[in-house]
Amino acid sequence: MGQSDNGWKEKKISDSPSPVSRKRHPVHTPFASDNSVNCDIRGLEQSQNVSSEAALHLPCRVAAAVLWANRERHIELGYHLRPSQPGWSFRKAGHRPPPVTVNFNDTLVINAKNSLDVVTALHSHGLFQNGTGYYDGPVGITQCGIPPGETLTYVIPIQQWGTYWIHSHFMGQYVDGLRTSLVIHAAKEVYTYDEDLTIILSDWYHAEIPLSLQSYLSLYNPTGVEPVPNSALINNNANTTFQFVPGKTYRLRIISMTALALFHFYIDGHVMDIIEVDGTDVNRQTVTSLVVATAQRYSVLVQAKNQTTTNYLMHADMDPMMFDAVPPTLNPNITANVIYSANAPFFPTPPGDWSSVDDTTLVPVIPEGTAPPDNSYTLTADFQVYDDGINHGAFNNLPFQFPKTPSLFTELSMGTLATDPAVYGPNSGAIVLKYLNMIQIVLNNNDVGHHPCTLDYLHLHGHKFQVIGRSDGLYNSSNPYPEPANPIRRDTVQVPAGGNVVIRFRADNPGVWLYVFSFPPSFNTPLPPFNVTCRLLYYLTPRSFHCHIQWHMEAGLAMPFIEAPERAQARIHLPQVFLDQCRELNINPMGNAAGNNGTDFSGLQSGPQMIVGFGSRAYGALAACVISAVIGMGTVIWYAKEDKIKKVE
Ligand SMILES: [Cu+2]
């Protein structure tokens, strides 16, 4: 029994294959009591703006075991989250899943026991999950969610390598801390280096996500202004230190786990060679600074100095252009210490270096040319106020609404009807893809914002896509991008506000994959009552606003790709536990989006609709507004006259 450096116990077994190594789809895996530990606060801010939650010091029960058997390494990690009111227990306890490191061809086993009082689920961001799509994690798409008190064991064959991360895919729980890094070592790494360091960039909100979401997705926020974080963190801390040894080469794996912030990352006095982008090894590209958007990952090689006379600062600057306003209490520029010698002075920090490289110019080490698309879909992303008075994001004016029955289960249970996009729900925007077709997506980003937004991003589950081209302005199909010889392949790409991106991928992964530009409220947001008539008029006027990220995920910009339904039905065998957990949540795990037959959607909450023209509600609000104005002016006149009388007296 060893003690890992993060305080988690590891158990190494080198005997012949254990029962665990043969187990593929266990339903419930109890925690071994001897693996329980009390965990201290780790990872919360220690030197600035310490939130009240961080002051709590609660014990929690965790279990982690690492088993080696033959060529496979099984990692079994359990976390036991304490029920809490009203906040998340993992946040109060500073209890976060530990970092996960595996090898190519391993099988990753994650035991997730849900001790929250709401459902949760884990998404391994960037993993293909080819054949195991039910472990992809988005609640409502590939599972119903782990009910409170239940356990789900994710068993994921690792078919790729590079830098990834694991996070909750429900209600923005990851922003509050339910997230960790996932590093996968290649059988043979392309580059050599001495040390491998993971650097997690995140933004930190003192208010817990359920509260922030409630105010973000409310009538009182018609322009969809995203909450601004209270601080930035490097490795979940405001004062992290990295010890550098002279002459060594360091691989830094930089992972952005932000809700909103865009980071500029650089180290004083050092250059960085980019060698990996979202799990794709790339030819070396030397940079002095790196732009890292939400959910993106980069690996860079950094050559340590041959001296111990000076220490340096590592910088992660949040770009204020992403925020509606920068509060005076926010320090957007976070640093970590790069220490060569304990007593050495720090290198004087030069002005922030925000130069960057265009990621579409990076060249994959393993070349892959383009192929002409078999199908091309044009999606326009936009934000506007819909008939529920809330600012929603939408592709082609259809705000995504989560189905009751997860789309993957609809695909697997509806036989030949599964090829009909209609069965996935009227507000799903589902697109059915043919097996092995080359799919092209043209994404126009109409989210130009009333403040100077710099970009949005899009992410596709289950695939890495080729980035064919990206530019400002809407895509002009009569002037297509030239075919790149070996385009960058990644799973998360930035799209400039008012700009476009064209991506391609091969539909070689039967299942259902979420395409996210942002996605919708996965719970019912309580709406405040109308109370100011004139503001109602404002809410009812269609407009387009805003950019960004986890907040948009909860606001309505997503759609599922239904990939090769017949193939999926033939090769994907849903473990019984998924059906059981749906039923425990009173969700029918079979049938259409409403859990019914055919296109009978009775029982499915209808999604928000576009406001077309100046409707009756708007006329009503206008009339009320005019009446209010007349009363207001009358009051002013009456008051002025009253004043005059007093003066005369
Ligand atoms: Cu993902």
Taking H placed 1.01 Å from N in the peptide plane, check which residues at least 5 places from Arg490 or on another chain put their amide H under 5 Å from its amide H.
Phe465, Val467
Report, by chain and number, residues whose modeled amide H sits under 5 Å from the one on Val282, excluding near sequence neighbours (fewer than 5 apart, same chain).
Glu276, Val277, Val365
So if I restrict to the alpha-carbon atoms in the range 189-366, what is the Rg, and what is Dmax, the biggest pairwise distance, in Å?
17.5, 58
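Taking 0.36 nm per intervening residue step and subtracting the Cα-Cα distance, what contour gain separates Ala207 from Phe346 on full extension?
46.6 nm
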DSSP-defined beta bridges in the range 189-366 - what % are antiparallel, rounded to 5
75
Points 7 angstrom from Cα along the Cβ direction at Ala623 and Ile339: gap in nanometres?
7.2
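All of the numbers you see were taken from the coordinates with simple rules; none came from a lab. Bear in mind the structure is a predicted one, so any value in this text is a computation, not a measurement. All Cβ positions, even for glycine, are placed from backbone atoms using ideal geometry, and neighbour counts span all protein chains on display.
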